[in-house]
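**Student:** Dropping the structure in here first, questions after.
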Amino acid sequence: MNDIKDYSYEELRKILEEEGFLPFYAKQIFSWIYKKRVEDFDKMTDISQSCRAFLGKNFFFSTLKLVNEETSYDGTRKFLFQLDDNSRIETVVIPEGKRKTLCLSTQVGCRFRCSFCVSGLAGFKRNLKVSEIVNQYLYVRDFMGKNSITNIVFMGIGEPLDNFENVVKSIRIFLSPWGIYFGKRRLCVSTIGLLPKIIKFYKLNLGIKLSISLHSANYQKRLKLMPGTKDNPLEELISTLKKRSKKDKFPLTFEYIMIRGVNSSIDDAKELANLVKGLNCKINLIPYNYSHFFSWEVPSQNEIEQFKEVLKKQNVFFTLRKSKGQDILASCGQLRAEFREVD
Ligand code: SF4
């Protein structure tokens, strides 16, 4: 038996065709599952009985088991889900005005061990299946209501591009007019900058925004903060992004967590401005939030102001953001819980 939500529209269409069924049934099946939210083949009344029997014999519908759901004082909601193998993942909804951003996990744990992120501490267990990624969205939408999600970011537990095939397939289901039909510009994939995967991702021309976790413009400092970037030289990464940004109409986003005495000095700001010169980009500055898991320190207001001043003078487009959902430990509490603009 196979989980039907592991299949893209194109794959399902092919299977039906090979089995001698009308290929356009794939549209109807997608519509029942993702639009009408019917997860029972017997209720898919516009599909022939023989096809329904075939589907019932060969496919099943997976669901996530909700273990806990918490709401922060600022409205951020965190869902803790249990998977079939008893692994647990988190999905977070971050409200900001009319915008309600769903932050999806893509792996159980993470192999990259960024030095400020709780998700990497327990190491990597496995990639999420396509169905497990899409089910996070479906569960939250069913739970909170049809219009409860306006944006989706692949920024939860795991490095999305490290689970490349399943993340891309889930994006295809999100974008499919027969499936969820989510707007391209309202989807964003976050990455620590895995260069070969970024190149592969760009080649697909999905029209999805990328957000790069930068955190330092200095290779050595960046390596200390994000050891997983070792094989992805910063210069090559920036040069690839520069070439691509000429094609894209929308700016590329960089995430930059400011840590006291590490990457928040005037020199760090100058290095950053220099690195992104000529790049159509926006930098999200996120002051580090204290976590008892790490010894990093929160930047002073003075450090933040001086840093901003340098960027302003160099005409670098930036926003200062603040973490949300801190009281419910929403994901790593740094990157993924950001989004509240404070300046
Ligand atoms: S920040 Fe992302 S890539 Fe780094 S350890 Fe955390 S989940 Fe993994």
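The values are calculated or read from the model by the stated rules, or taken from the named source; none is laboratory data. Just so it is clear, the structure is predicted and the values come from calculations on it, not from any experiment. Please note: Cβ atoms are built from the backbone with ideal geometry, for glycine as well, and neighbour counts cover all protein chains shown. For accessibility, only protein heavy atoms count, side chains too; no ligands or nucleic acids. Shrake-Rupley method; radii C 1.70, N 1.55, O 1.52, S 1.80 Å.
**Student:** What does the accessible area of R37 come to, in Å² to the nearest 10, when a probe of 1.4 Å is used?
**Tutor:** Counting only protein heavy atoms, R37 exposes about 60 Å² to solvent.
**Student:** How big is the charge dipole of the range 186-235 about its Cα centre, in debye rounded to the nearest 20, if each Lys and Arg gets +1 on its Cβ and each Asp and Glu gets -1 on its Cβ? Walk me through the numbers on the way to the answer.
**Tutor:** Details: 9 positive and 2 negative charges, 23 e Å.
Computed about the Cα centre, the dipole is about 120 debye.
**Student:** If the chain between E305 and F24 were fully stretched, how many nm would it gain, using 0.36 nm times the residue separation less the Cα-Cα distance? All intermediate terms of the calculation are to be shown ahead of the outcome.
**Tutor:** Values: separation 281, 0.36 × 281 = 101.16 nm, distance 5.79 nm.
Stretched fully, the E305-F24 segment lengthens by 95.4 nm.
**Student:** Okay, next question. For the chain, list log₁₀ I(q)/I(0) at each q in 0.08, 0.12, 0.15 Å⁻¹, using the Debye formula over Cα point scatterers of equal strength and ignoring solvent, two decimals each.
**Tutor:** -0.40, -0.86, -1.26
**Student:** So for K270, K98, K224, K209, what's the accessible-area order with a 1.4 Å probe, most first? Numbers along the way, then the final one.
**Tutor:** Working: K270 110, K98 185, K224 140, K209 65 Å².
My answer, sorted largest first, is K98, K224, K270, K209.
**Student:** L223 to E297: extension gain in nm, 0.36 nm per residue of separation minus the Cα-Cα distance? If you can, show how the numbers build up before the last one.
**Tutor:** On the way: separation 74, 0.36 × 74 = 26.64 nm, distance 1.81 nm.
Working it through step by step, the gained length comes to 24.8 nm.
**Student:** Would you work out the charge dipole size for the range 250-330 about its Cα centre, treating the Cβ of every Lys and Arg as +1 and the Cβ of every Asp and Glu as -1, and quote it to the nearest 20 debye? It would help to have the intermediate numbers written out before the result.
**Tutor:** Values: 10 positive and 9 negative charges, 68 e Å.
It comes to approximately 320 debye.
**Student:** Going by Cα centres, the range 33-83 and the range 118-160 are how many Å apart?
**Tutor:** Between the Cα centre of the range 33-83 and that of the range 118-160, the gap is 14 Å.
**Student:** I've got another one for you. Among the lysines, select those whose C-alpha is under 27 Å from the C-alpha of K43, and discard any that sit fewer than 8 residues away in the same chain.
**Tutor:** Once the sequence-local lysines are set aside, what remains near K43 is K5, K14, K27, K35, K57, K65, K129, K146, K169.
**Student:** Counting only heavy atoms of protein chains, what accessible area per residue, in Å², does the range 65-341 have with a probe of 1.4 Å? Numbers along the way, then the final one.
**Tutor:** Values: 11830 Å² over 277 residues.
For the range 65-341, the solvent-accessible area averages 43 Å² per residue.
**Student:** Right, next: Using heavy-atom solvent-accessible surface (probe 1.4 Å) with all chains present, what is the largest-first order of T106, T45?
**Tutor:** Details: T106 0, T45 100 Å².
Of T106, T45, the descending order of accessible area is T45, T106.
**Student:** When the chain is fully extended, how far beyond the present Cα-Cα distance does S148 get from N58, taking 0.36 nm per residue of separation? List each step's numbers first, then the result.
**Tutor:** On the way: separation 90, 0.36 × 90 = 32.40 nm, distance 3.27 nm.
Computed gain between S148 and N58 is 29.1 nm.
**Student:** Over the Cα atoms of the range 2-60, each weighted equally, I'd like the Debye log10 I(q)/I(0) at q = 0.15, 0.24 Å⁻¹, rounded to two decimals.
**Tutor:** Relative scattering, expressed as log10 I(q)/I(0), comes to -0.35, -1.00.
**Student:** Could you tell me the relative contact order of the range 65-341? Use alpha-carbon pairs under 8 Å, at least six residues apart, and round to a whole percent.
**Tutor:** Details: 553 pairs, mean separation 48.5, N = 277.
Relative contact order, the range 65-341: 18 percent.
**Student:** For K36, what accessible area in Å² do you get when you roll a 1.4 Å probe over the heavy atoms of the protein chains, rounding to the nearest 10?
**Tutor:** So the heavy atoms of K36 present about 100 Å² to solvent.
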